[in-house]
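Beneath this line is the structure, given in structure tokens, with notes to follow.
The values are calculated or read from the model by the stated rules, or taken from the named source; none is laboratory data. None of these values were measured; they are calculated from a predicted model. All Cβ positions, glycine included, derive from the backbone under ideal geometry; neighbour counts span all protein chains shown. Accessible surface is based on the protein model in full, side chains and every heavy atom, while ligands, DNA and RNA are left aside. Shrake-Rupley method; radii C 1.70, N 1.55, O 1.52, S 1.80 Å.
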Amino acid sequence: MRHPPHDDAPTGPADAGAHPEVWTGTATNRVQWVLALAGVACVALGIALAVNSTWTSGVAALAMSVVGCLLAGLLILFGTLAFVSVAVRVDHTTLEVRCGHIGVPRRSIPLAHVVEADFAPAVTPRQWGGYGYRWRPELGTAVVVRRGEGVVLRLGDGRTFTFTVDDAESAVHEIRRRLHLYGTHGGPGQAPAGA
């Protein structure tokens, strides 16, 4: 993994005024909208079956078809629309990752639990087994909404959390700056681990 340079790291809390109070970033995947259309088609098929069928013969089979189409369509819609975009917010104490337009699923990580942040130039759905909120025992957890650059956080409990976001190097820089200011394992006045 590539590391952004540390040469402009602030030397103390007095330098915090030169940087934004809150860093925000996003990532989107327009291809997910195509998959969402498949969900809409399934829901439409279920409604069409329910409305246009005579229901005179094979009621159980028809009911199962209607319910199956509706459930499959809604599942596809939620699974795709929830991961069309991701919004990342980093303030002085917390990093928050919110998915989709309603912000669910959401992950909030106190910076006190972050040991290191690294830039990942090529995060791919193939690495994680697809798009969305993912977990792999050997890699940790991730939010992957598109292929490309991302951030890998190493947490104090030994786990990692990866997320895709545009301008990931800037996100890494901001996270490292805040870890430098406030200490890797705590608030202001505590030294980073290994200091």
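Please report, largest first and rounded to whole Å, the three semi-axes of the ellipsoid equivalent to region 38-155, where each semi-axis is the square root of five times an eigenvalue of the C-alpha gyration tensor.
In descending order the semi-axes read 41, 14, 11 Å.
Using the C-alpha atoms of region 47-95, what convex hull volume per residue, in cubic angstrom, is computed? Spell out each step's value before the answer.
Numbers: hull volume 3.8 nm³, N = 49.
About 77 Å³ per residue, rounded to a whole number.
Rounded to the nearest whole Å², what accessible area per residue is found for region 71-154 with the 1.4 Å probe?
On the way: 4010 Å² over 84 residues.
Computed with neighbouring chains in place, this is 48 Å² per residue.
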Worksheet, complete the sentence: Cα-based Debye curve of region 74-139 sampled at q = 0.19 Å⁻¹ gives log₁₀ I(q)/I(0) of -0.93
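Subtracting the Cα-Cα distance from 0.36 nm times the residue separation, let me have the gained length for residue 61 to residue 139 in nm, one decimal. Show your work: numbers first, answer last.
Working: separation 78, 0.36 × 78 = 28.08 nm, distance 4.32 nm.
Between residue 61 and residue 139, full extension yields 23.8 nm more.
For region 88-175, just say rounded, prolate or oblate: build the C-alpha gyration tensor, square-root its eigenvalues into a ≥ b ≥ c, call rounded for a/c under 1.5, and beyond that prolate if a/b exceeds b/c, oblate if not. Walk me through the intermediate numbers first.
Details: a/c = 1.32, a/b = 1.22, b/c = 1.09.
Rounded shape, in that the Cα axes give a/c under 1.5.
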Discussion item. Could you work out what % of the accessible surface of region 112-172 is carbon and sulfur, using a 1.4 angstrom probe and leaving DNA, RNA and ligands out of the count?
Written reply: 49 percent
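Per-residue counts of other Cβ atoms within 10 Å, averaged by peptide: what ranking do you get for 141-150, 102-111, highest first?
Answer by packing, highest mean first, reads 141-150, 102-111.
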